[in-house]
Each structure stands twice: as structure tokens, then as C-alpha cells.
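The block underneath contains the structure these notes are about, expressed in C-alpha cells.
The values are calculated or read from the model by the stated rules, or taken from the named source; none is laboratory data. Worth saying up front: this structure is predicted, and the values here are computed from it rather than measured. As a convention, Cβ positions derive from the backbone with ideal geometry for all residues, glycine included, and neighbour counts pool all protein chains shown. Just the protein is used for accessible areas: all its heavy atoms, side chains included, with ligands, DNA and RNA removed. Shrake-Rupley method; radii C 1.70, N 1.55, O 1.52, S 1.80 Å.
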Amino acid sequence: QVQLVESGGRLVQSGDSLSLSCAASGRSFSTYAMGWFRQAPGKEREFVAGLSRSSATTYYTDSVKGRFTISRDNAKNTVYLQMSSLNPEDTAVYYCAAGTSLIATMNHDVTYWGKGTLVTVSS
């Protein structure tokens with residue numbers, strides 16, 4: 001069993017940077033691929049970024065490439081999402097996710113979800 005708790009979401013201005021964290025409980029964190037998803041008001045949840053167990057492979061949705069960076073620290077059971085050049089279209093609840101593989105996670109085949117943290121970007 002893995003519990004995921006996101007933190008770091010807040011109100012920022014367009015162009016700002018923000019870092020999200022996701023702390024995982026349980027001893028099996030390193031066996032999961034990790035991902036970040038987001039859901040904007042009135043929209044479906046979308047994949048944002050994903051990271052393999054060893055951090056060797058990452059994937060990003062096109063709209064965040066070059067602006068967001070996903071990373072993990074298996075010793076701290078934590079995954080991060082560093083976001084820069086934020087714009088109002090990035091406003092959403094951001095969810096942390098753990099999956100059995102990176103490909104599965106990217107396809108929303110997620111084993112564990114966090115409850116989300118709200119990021120609001122004002123123009």
C-alpha cells in the first residue's frame with residue numbers, strides 16, 4: 001500500500017516558477033513509476049509528466065515540455081514537479097500518481113492517486 005500526499009500548490013502570477021512535492025508512504029516507493037497529472041475546471045484529468053523507477057526515462061505532455069521537470073528521490077520517497085514560465089492555462093489541481101510502469105502510468109492505468117494540490121496562475 002502506498003499513500004501519496006501532494007504539497008506546494010498555491011496562487012502564483014504568470015511567468016512565475018513553482019515546485020510541487022509528493023511524499024509517499026510505504027517501503028515500495030522505488031518499485032513504482034511516478035507521474036503527475038492535472039485537472040482544470042470543467043476538463044478531464046490529463047497526464048503532465050512521468051518518470052520511470054530509476055529516473056532513467058521521463059515523458060512530458062507537449063504543453064509543458066521545456067517548462068516542467070519531474071524528478072524523484074527514492075531515498076526520501078518523494079517525487080517532485082518543478083514548473084517554470086507558468087501561465088493561466090496551467091491552472092489546475094495537480095495529482096501525484098504511482099503506477100506499475102511508466103507506460104501504464106501515462107495511460108492513466110494508475111495504482112495509487114494522491115488527493116491533489118491546487119495551482120492557480122493569475123494573468
Task: Hull shadow area, averaged, the stretch 10-123 [alpha-carbon convex hull, nm²] - done: 6.5 nm²
- [ ] Go through the stretch 114-123 residue by residue and turn each phi into a ³J(HN,Hα) via Karplus (6.51, -1.76, 1.60, θ = phi - 60°); whole Hz please, and just put x for glycine and proline.
- [x] x, 8, x, 9, 8, 10, 10, 10, 8, 8
Task: Cα coordinate range in the stretch 69-123, projected on the principal axes (Å, largest first) - done: 38, 25, 19
Task: Extension gain from residue 19 to residue 44, taking 0.36 nm per residue of separation minus the Cα-Cα distance - done: 6.7 nm
Open item on the list: With every protein chain kept in place and ligands, DNA and RNA left out, what is the accessible area per residue of the chain? Probe 1.4 Å, answer in Å².
Closed with: 50 Å²
TODO: Report ³J(HN,Hα) in whole Hz for each residue of the stretch 24-30, in order, from the Karplus equation J = 6.51 cos²θ - 1.76 cosθ + 1.60 where θ = phi - 60°; Gly and Pro get x.
DONE: 10, 9, x, 8, 9, 3, 5
Task: Accessible area of the stretch 83-123 belonging to carbon and sulfur atoms, whole % at 1.4 Å probe - done: 52 percent
Task: All lysines inside 29 Å of residue 43 as judged from Cα atoms, apart from same-chain residues fewer than 8 positions distant - done: 65, 115
- [ ] Choose one answer from 57, 78, 69: the residue with the largest mean-square fluctuation in a GNM of the chain with alpha-carbon springs under 10 Å.
- [x] 57
Open item on the list: Can you give me the long-range amide H partners of residue 87? Hydrogens built in the peptide plane at 1.01 Å from N, cutoff under 5 Å, separation of 5 or more residues or another chain.
Closed with: 15
Open item on the list: Tell me which GluC sites (Glu not before Pro) from the stretch 1-110 have a DSSP coil assignment and no more than 15 other beta carbons within 10 Å of their own.
Closed with: 44
Open item on the list: Compute a Gaussian network model of the chain, connecting alpha carbons closer than 10 Å, and tell me which residue from 48, 79, 64 fluctuates the most.
Closed with: 64
TODO: Kindly provide the trypsin sites (Lys or Arg not before Pro) of the stretch 19-123 that DSSP labels as loop, not H, G, I, E or B, and whose Cβ sees at most 14 other Cβ atoms within 10 Å.
DONE: 27, 43, 65, 76, 115
